[in-house]
């Protein structure tokens with residue numbers, strides 16, 4: 001069967017294509033539209049569908065809309081109730097439901113030739129559950145926990161996969177929602193709800209959970225597989241913070257208290273589920289499953305032998321889950337997802353065409369991995385653009401910013417490059433066979449979804465990636481899965497003795513992760529990054545800005561890129577960036593044998 005999955009109703013619109021049980025492609029609309037999260041999760045945007053992501057998925061497989069056997073839409077309006085009946089203060093929710101009912105028509109417009117009768121509604125949390133249970137490796141029999149803000153009428157699902165069937169066991173009815181409570185806290189602390197919850201998790205490490213007793217009166221497990229979580233009086237606990245204000249210790253203490261009560265509740269849910277299923281594997285999905293601190297505690301203290309988290313755990317993942325569920329319901333055996341690199345990619349020839357069209361000076365070294373390792377060893381910041389882009393919010397070695405972990409100043413340096421708050425940590429990527437002697441926690445961890453304690457003897461060796469609480473959110477790299485990244489890490493270890501590199505997403509504040517070559521060049525040209533490794537090619541900062549200086553007397557040029565898009569580049573602006581930058585610039589690698597193109 002050829003099944004297109006669509007997530008569109010709330011946030012993070014995305015599309016995924018499953019053919020004969022195999023995941024072929026998956027991408028988020030934000031990577032095409034360049035709008036963070038694709039859109040805001042308000043009823044007025046619920047009609048918007050991931051048109052570009054869906055069209056790309058089909059084009060990748062050489063399919064036309066009329067050739068699809070089914071389209072899975074990851075929300076079923078027939079299961080929803082009016083917001084007021086669920087205790088939700090959302091007077092415009094009826095508009096969202098109206099748009100959901102009209103989704104087949106919207107998709108027909110977006111994908112000309114599509115038969116709207118082939119659009120099938122998939123319950124939101126079942127789509128989340130399928131994205132974990134069917135995508136996880138070695139999980140023919142597993143338990144599933146889904147937690148997010150809301151679905152049709154629930155905020156949670158406990159389920160079990162037995163071979164090709166997914167059986168729901170329990171769902172917590174709204175208004176009780178751990179996801180919505182965490183969203184409310186995010187807004188109370190001055191961050192953007194449905195977007196910045198990870199900042200609250202990072203801030204929690206700076207606090208003491210002194211408000212835990214009060215929070216436990218409002219958020220607690222009920223012992224029957226559900227929980228109470230609604231109407232928390234946040235202002236009674238701590239004054240709200242406006243976005244422009246600095247955070248206080250009280251704000252950090254509130255975040256720490258909320259983080260702890262979340263972990264306690266999730267542990268209870270996991271234990272209840274294990275008592276029903278007795279499975280050895282737990283799979284997780286839903287936005288709450290992006291809380292890697294809670295995931296680590298479930299793995300460490302919970303009853304399951306192994307915990308696997310869908311890398312696109314947020315709503316974007318329901319596009320894949322919906323397609324996998326219809327595949328299984330159709331009698332197919334869905335295959336585990338091959339990895340998170342399910343998005344767009346470019347051949348070496350296509351990348352070279354981009355660089356030449358943009359008139360960017362570049363080199364083709366004998367080994368880009370060695371060139372990058374040398375630059376990192378010299379304390380350069382490297383933008384890494386390789387292969388297909390990641391599905392989900394984590395940079396996993398395809399669209400990354402990298403740095404030396406042995407210099408503590410690189411944390412502040414990277415946060416400055418990205419325009420981020422300084423309390424936020426950056427993550428390490430580490431060779432899988434070295435991880436066990438440096439980090440304590442569930443291994444392997446290929447998707448950066450668990451925190452690990454850093455061994456005391458290593459904390460001073462890799463200070464840039466050690467959070468204030470002595471932990472790190474690691475990505476383990478297996479050479480069989482990521483040969484180029486593994487080779488770069490091995491080259492870096494040869495030069496420094498460290499099998500670890502700092503890895504954070506290739507983007508700046510408020511922008512989606514870089515996806516195509518144009519995005520990479522724009523990000524490189526607007527940030528103080530020393531080297532861009534794009535496919536087998538290297539673009540050096542000093543050469544890039546020298547080219548801008550040589551053309552500074554010309555007016556801004558409009559470049560027609562190979563994709564058909566146009567960009568206006570003002571070389572004079574590069575001069576100002578070069579004058580204000582104070583970061584070191586790397587030189588050419590001696591004896592590298594690179595081909596230099598100017």
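The values are calculated or read from the model by the stated rules, or taken from the named source; none is laboratory data. Computed from a predicted model, the values in this text were never measured in an experiment. Positions of Cβ are backbone-derived with ideal geometry, glycine not excepted, and every protein chain shown enters the neighbour counts.
Suppose we keep only residues that are in contact with a helix residue (DSSP H, G or I) (Cβ under 9 Å, 6 or more places away or on another chain) and in a loop (DSSP other than H, G, I, E, B) within the stretch 345-364. Which one would you say is surrounded by the fewest Cβ atoms within 10 Å (Cβ to Cβ)? Among them, the one singled out is 359.
Let's see how each residue does on (1) over 21 Å from the mean Cα position of the chain (by Cα); (2) not in a loop (DSSP other than H, G, I, E, B):
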{"position": "17", "(1), (2)": "no, yes"}
{"position": "27", "(1), (2)": "no, yes"}
{"position": "40", "(1), (2)": "no, no"}
{"position": "66", "(1), (2)": "yes, yes"}
{"position": "71", "(1), (2)": "yes, yes"}
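Checking each residue of the stretch 465-478 against the condition of being within 21 Å of the chain's Cα centre (by Cα), assigned by TED's automatic domain parsing to the domain that holds residue 395, in a helix (DSSP H, G or I) and farther than 18 Å from residue 307 by Cα gives at least one match.
For the residues 44, 75, 32, the requirement of being part of a helix (DSSP H, G or I) and either surrounded by fewer than 15 Cβ atoms within 10 Å (Cβ to Cβ) or in contact with a strand residue (DSSP E or B) (Cβ under 8 Å, 6 or more places away or on another chain) (or both) singles out 44. Contact map, the stretch 357-370: residues that are within 30 Å of residue 479 (Cα to Cα) paired with residues that are modelled with pLDDT of 95 or more and assigned to a loop (DSSP other than H, G, I, E, B), Cβ distance under 6 Å, separation 6+ or inter-chain. Pairs shown: 364/536; 368/536.
Which ones in the stretch 320-333 are more than 25 Å from residue 270 (Cα to Cα) and crowded, with 24+ Cβ neighbours inside 10 Å? Of everything in the stretch 320-333, those that are more than 25 Å from residue 270 (Cα to Cα) and crowded, with 24+ Cβ neighbours inside 10 Å turn out to be 323, 326, 327.
Where strands (runs of 3 or more DSSP E) fall wholly inside the stretch 495-598, the ranges with 2 or more residues that are under 30 Å from the mean Cα position of the chain (by Cα) and modelled with pLDDT of 75 or more are 500-505, 531-534, 537-540.
When restricted to residues that are touching a strand residue (DSSP E or B) at 6+ places or on another chain (Cβ under 8 Å) and under 19 Å from residue 180 (Cβ atoms), the stretch 259-289 contains 13.
The condition of being assigned to a loop (DSSP other than H, G, I, E, B) and either over 21 Å from residue 340 (Cα atoms) or in contact (Cβ under 8 Å) with a residue 24 or more places away in the chain (or both) holds for only one of 394, 413, 434, that being 394. Looking across the stretch 140-154 at every residue that is touching a residue at least 40 places away in the same chain (Cβ under 8 Å) and within 14 Å of residue 176 (Cβ to Cβ), the one that is farthest from the chain's Cα centre (by Cα) is identified as 153.
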